[in-house]
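Below you will find the structure I want to go over with you.
Every read-out reported here was derived from the displayed coordinates using simple, explicitly stated rules and does not represent laboratory data. Being a predicted model, the structure only gives us computed values, none of them experimental. Here Cβ is always computed from backbone atoms with ideal geometry, including for glycine, and neighbour counts include all displayed protein chains.
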Amino acid sequence: MILVLNNKIDRSSFELLSKARKLADKASMKLAFLLMSNSKKDVQQLARFGPDMIVLAVHEKFNRFSLDPFLSTAKKIFAKYSPSIVLAPATTFGRTLMPALAASFRTGLTADCTELDVDEKGNLLQTRPAIGGNVMATIVTPTHRPQMATVRPGVFEIVEHRKDDVQFIEERIEDLSDRCQLISVEPKQAGARLEDAKIIVSVGKGLRKKENVEVAFKLASLVKGAVGASRAVVDARWLSHDHQVGLSGKTVKPRIYIAAGISGAVQHLAGMQTSEIIVAINKDRYAPIFKVADIGIVADAYWVLSELVQRLGRENDESGG
Amino acid sequence: MVDELIRLLGVENVKFDPEELEKYSHDETSGVEAQIPLAVVFPTSTEQVSMILRWANERRVPIVPRGAGTGLSAGAVPTKDSIVVSLERMNRIVEFDEENMTITVEPGVITGEIQKIAEEHGLFYAGDPASSESSSIGGNVAENAGGVKVIKYGPTSFHVLGLEVVLPTGEIVTFGGKTLKNVTGYDLVRLFVGSEGTLGIVTKIILRLVPKSKCTAVLLVPFRDIEDALLCVPKVLSQSGVLPASIEFMDKASSEMASRFLNESIPNPEAECHLIFELESTSKQSLTREYIELGEKLMQMKALEVYIADSRTQRMKIWRFRKAIAEGIIAFRPTHCMEDVVVPTANMPKLVVSAYDIARRFDLEVLNFGHVGDGNVHVTFLKPDGMSDDVWKRSLEKALEELYKITVQLEGNLTGEHGVGLKRKKYLSMFLQEKELALMRSIKRLFDPNNILNPGKIFPD
Amino acid sequence: MNFLVLVKQVPDTEKVKIDPISGTMVREGLDVTMNPLDSHALELAVSLKEKLNGSVTVLSMGPMNTIDVLRDAIALGADRAILLSDSALAGSDTWATSLALAKAIEKLNIAFDLMICGEKSTDGETGQVGIELATLLDLPVVSYVSELIDLTENFVVVKRSVEDAHEVWKAPLPACLCVLKSVAEPRLPTLAGKKTAMDAKIEIYDTESIGINREEVGLKGSPTRVVKVFNTKIARNCRIYADKDILEGIERVVGLIKAVRDGEVG
């Protein structure tokens, strides 16, 4: 059995299910989704992406993630279903719960996979960027079960796969002790999240100074997009780490990725190269970013962004008036 | 005229749209008026450069050569009705000769690119200015750029072995070659390096590479008293038996500017100034011995603390502060005047103390930072908030005059690494004798009889 | 209050070189340094120790040149440095590494109130060892800690940064924190620190001295195997707009943006 694990129903759940369906078909395995959440809302949506079974572990304590209750519950469910492959999104949830599960079951775990495949014997081929994103490594877990992997959100395509006979199973949850105690929650400021944005305007040191980053926010708000950043920009504290795209930041896959003043270090490319359309703006005609771009503009990045703001802004005024 | 250029070079190599010309009307020098050229041409070969100059010489059209436009003396700012020759498309690496440790490049190559290629082979291009990420090697040669490693390795001229040059008449000549020494006649290579694009246009450059040092440590040393800090520089140089690759200085106002730009605080922010030392060695053991010895000496010379960075992350943390000063000035205080005076190392304390005194007398703000190991300080006057432009201009003029007078008294010079250009030409006669200036004028006439190449630069009107 | 900080050595380089034939990293001639994210964990521990008294122990597993990294930790304020080094440990994956570290902590009886780990290493980038180790030691864990709010004899209060929110959690001691960069800005080592580090004793243990079977760790004891390493090929056909075409390029981008924003394209 392939088990996909998440604490919410979101894009990453659908991406993982879509991919896992293909793996399950190839290896003739059953596919189950384990939802550990405080609500059953929208659970029907999961059925559209091909699970044979949806296992629900619903409890009000699953409102916010904490390791103790999630770990003890997941362990019980693992013991009951003995999955051969377990997949979870590489979010703060997956990247905390999965290592704890791997340690508990004395098995291997591969972090941040960007490609998955399965052979006839049911071995999961887990591929991830290695050595600072310079190469890809394929990793297997030959003798231990379950085989576990976290997967970068935004990497896999969402494919609908309707089944008529999806089975819903509700697990009983008991003794949810937690050594840690949640004191308060403060939501992060809204605005399109990088991971969900259709258009990302990403800025690099080519914008020359911190003040110039403002133009990227203007453009992003005009196009209902989000602002990303290169590592150099985050290191210089022009923007917070939340904006960082790349190996040590976020992997994004928007419809349009605009790399403004970013030269394109491999670490950055690793986080954005699967974007649908990549627009690179750089003064240096030989910047590596042009090698992965569809459209390249050789010019000052600040100037080009200002031009885009002007043209798109004008158009907004017209349609508004 | 533009039509002729297009016929000569092809339409893709000529720009004449006023909007696009704007970028070529200035460099990074603050306070110098921009001047839109008639056109910008982008030659891609030596032959094209030759064609342009021959044409210009016949038509008596002023030509202004230009690299990446990062200059700090307005040397690439166009004269009226001139044609800018941008060398940015001549950016090929012609040859990397690992065995002879040389690299031959075209002038439009970004200096950092040369550094990268050298480092991939365990070598180092030592003429590494602070702007190496953005400046071009052609510009470095034209200005004889310095940087933070001059005390150990010397400025750009120390690393140029040979040149291919197009003279204002269009003739193509080569000077020097790949040999490290050469006294076959006058040293015309040295004459061209630092000639600010007034004698010819450099089209190929043979550079010397050196082995890259294995281990590096950077020391950040705060002092309570600026004079204490500056006094210990000549002592370290003459008595410690170690030649640091860099000794840099930043006063409190400079490090505050850097901190604001980086949004990060410097260790011991209360200190009146910080010195930065970079040491290079062949092994970790010898490096450790050297930085401990140097560190102890500095503590005896009234350092408040000695911070030692020997990992890349830590080293970068220190250098980030030093390099952010200029960026901070440009970002937060665009109306400023960055100077480049240079004095014998031991006279540094007097120069810096005078700079504060001058600023006080003329109600200007000032920050001092720079390459104290070689006596080169970037005294930077800032326009105080609320001061009118007129008052600023008048006060600045007086302040500069005072600064230069003291520099002369201290046996110093007008500019160490940024060049004369337009910005400083009226002060040249304070520093050069009449005969010296006359000889320079004769040399200029000899190479450029019709005065078409970068006219109006260096020489006082 | 006693702190245990896990540190890892990573190559001190920005640009890794890849051997074109084997596809592995060229480590020859590369210095090692403390994983930058671990230095934030160490700084948090040292600054807390300076406030609350107690001690900071650093623990690492790696080849013998890790000694240099542990000396750096001492220079930065750690009191005790322990290295687990043995040829049998080479090739350990995150599970085998966690197992060896857990055994070392138990066998050497390392006492601590708070174990602090960096979020992940800059070379492996798995971010798993801290959590796996804490699970083996049965410690409560808070991951993605962005700020330490309070630390008393019995509990720690921290801010945790997740995708949609900042949360505040309280955990009983002993506990494990996996921290982000923002918890503390690492200091620079001082001359005095460097001198202390030169003479400091680094405790070194092998598999035998911590009572672990050589078969349980290293390549043999690791559940995962790397079966293939290959280069990524990234190539798109870039249409370059330069010089006189720049405005045309901008117009094309405007068109694309409008289409996507207004949902006209697929």
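Provide the packing ranking of A:74-82, B:41-49, i.e. peptides ordered by the mean count of other C-beta atoms within 10 Å per residue, highest first.
Answer by packing, highest mean first, reads B:41-49, A:74-82.
When you look at the Cβ of every residue in A:103-115, what mean number of other chain Cβ atoms sits within 10 Å?
That works out to 5 on average.
While we're on this one: How big is the gap, in Å, between the Cα center of region B:362-377 and the Cα center of region C:143-170?
For region B:362-377 versus region C:143-170, the Cα centre distance is 46 Å.
May I ask you to list the aspartates and glutamates whose Cα is less than 19 Å away from that of B:LYS435, ignoring any residue fewer than eight positions away on the same chain?
Once the sequence-local aspartates and glutamates are set aside, what remains near B:LYS435 is B:GLU411, B:ASP461.
Only Lys, Arg, Asp and Glu count, each charged at its Cβ (+1, +1, -1, -1), so figure out the dipole size of the protein assembly as shown about its Cα centre, rounded to 20 debye.
920
Taking Cα pairs under 8 Å and at least six residues apart, what relative contact order does chain B come out at, in percent?
The value is 16 percent.
A further question follows. Mind listing the long-range amide H neighbours of C:ALA165? Cut-off is under 5 Å, sequence gap 5 or more, other chains count too, H placed in the peptide plane at 1.01 Å from N.
HN-HN under 5 Å from C:ALA165: A:LYS188.
Rounded, prolate or oblate: which fits region B:194-335, taking a ≥ b ≥ c as square roots of the Cα gyration tensor eigenvalues, rounded meaning a/c under 1.5, else prolate when a/b beats b/c?
Oblate, since a/c reaches 1.5 and b/c is not below a/b.
Continuing with this model, one more query. Taking the Cα atoms only, what angle lies between the long axis of helix A:67-81 and the longest principal axis of chain A, rounded to 10 degrees?
Helix A:67-81 and the main axis of chain A meet at about 50 degrees.
Using a Cα distance threshold of under 26 Å, what count of lysine pairs results for region A:25-87 when pairs must be 8 or more residues apart or interchain?
Step by step, the pairs that qualify in region A:25-87 add up to 17.
Also: Find the relative contact order for region B:333-445 and round it to a whole percent, using C-alpha pairs within less than 8 Å whose residues are 6+ positions apart.
This gives 31 percent for region B:333-445.
Name the residues whose placed amide hydrogens come within less than 5 Å of the amide hydrogen of A:ILE54, ignoring near sequence neighbours (fewer than 5 apart) on the same chain.
Amide H to amide H, under 5 Å and 5 or more residues apart or across chains, A:ILE54 pairs with A:PHE33, A:GLN167, A:PHE168, A:ILE169.
For region C:181-192, in order, what is each residue's ³J(HN,Hα) by Karplus, 6.51 cos²θ - 1.76 cosθ + 1.60 with θ = phi - 60°, in whole Hz (x at glycine and Pro)?
Karplus-based 3J(HN,Hα) across region C:181-192 equals 3, 5, 5, 6, 8, x, 7, 8, x, 9, 4, 4 Hz.
Counting only other chains, what is the mean number of Cβ atoms within 10 angstrom of the Cβ of each residue in peptide C:156-164?
Neighbouring Cβ atoms belonging to other protein chains average 5 per residue here.
Given a Förster radius of 22 Å and the C-beta distance between B:VAL11 and C:LYS258 as r, what FRET efficiency does 1/(1 + (r/R0)^6) yield to the nearest 0.05?
Rounded to the nearest 0.05, the efficiency is 0.10.
Something else now. Which of the peptides C:184-190, C:224-230 is most tightly packed, and how do the rest follow, going by the mean number of other Cβ atoms within 10 Å of each residue?
Descending packing order for the listed peptides: C:184-190, C:224-230.
Roughly how many whole Å is it from the C-alpha centroid of region B:389-443 to that of region C:236-257?
Here the answer is 46 Å between Cα centres.
Can you give the mean number of other chain Cβ atoms that lie within 10 Å of the Cβ atoms in peptide B:322-329?
1
Enumerate the helices in chain B for which the Kyte-Doolittle hydropathy averages 1.6 or more and the C-alpha atoms extend at least 27 Å along the helix's axis, using complete DSSP H runs.
none
As a quick test, which of the pairs A:LYS210/A:LYS283; B:LYS383/B:LYS405; B:LYS204/B:LYS426 have an alpha carbon distance above 25 angstrom in this structure?
The pairs that break the limit, which is 25 Å between Cα atoms, are B:LYS204/B:LYS426.
Pairs of lysine in region B:213-326 with Cα under 19 Å and at least 8 positions apart or on different chains: total?
The number of close lysine pairs in region B:213-326 is 6.
Rounded to the nearest 10 degrees, what's the angle between the helix C:246-261 long axis and the longest principal axis of chain C, both from Cα atoms, 0 to 90?
Taking Cα atoms only, the helix is inclined about 70 degrees.
On C-alpha positions alone, give me the angle between the axis of helix A:94-104 and the longest principal axis of chain A, in degrees, nearest 10.
Long axis of A:94-104 versus the principal axis of chain A: about 30 degrees.
Here is a further query. Taking amide hydrogens as modeled 1.01 Å from N in the peptide plane, which residues meet the under 5 Å criterion relative to B:LYS204, leaving out close sequence neighbours?
Placed amide hydrogens put B:GLU164 under 5 Å from B:LYS204.
Using 1/(1 + (r/R0)^6) with R0 = 41 angstrom and r between the beta carbons of A:ASP117 and C:LYS107, what's the FRET efficiency to the nearest 0.05?
Between A:ASP117 and C:LYS107 the formula returns 0.50.
On to the next question. Roughly speaking, what is the centre-to-centre gap between region B:21-73 and region A:116-172 when only Cα atoms are used, to the nearest Å?
Value for the Cα centre distance between the two parts: 58 Å.
Below 12 angstrom from the Cβ of C:VAL183, what's the summed charge of the other residues (Lys, Arg +1; Asp, Glu -1)?
-2
Given contacts defined as C-alpha pairs under 8 Å and at least six residues apart, what's the relative contact order of chain A, whole-number percent?
This gives 15 percent for chain A.
Just how many pairs of Lys in region C:76-176 have C-alpha atoms closer than 24 Å, counting pairs that are eight or more places apart or on different chains?
4
Just to confirm a number: summing +1 for Lys and Arg and -1 for Asp and Glu over residues other than B:GLN35 whose beta-carbon lies under 10 angstrom from that of B:GLN35, what do you get?
Charge balance near B:GLN35 sits at -1.
Distance from a point 7 Å along Cα→Cβ of A:ILE169 to each backbone N in region A:1-33: keep the residues under 17 Å and list them by number.
A:1-6, A:29-33
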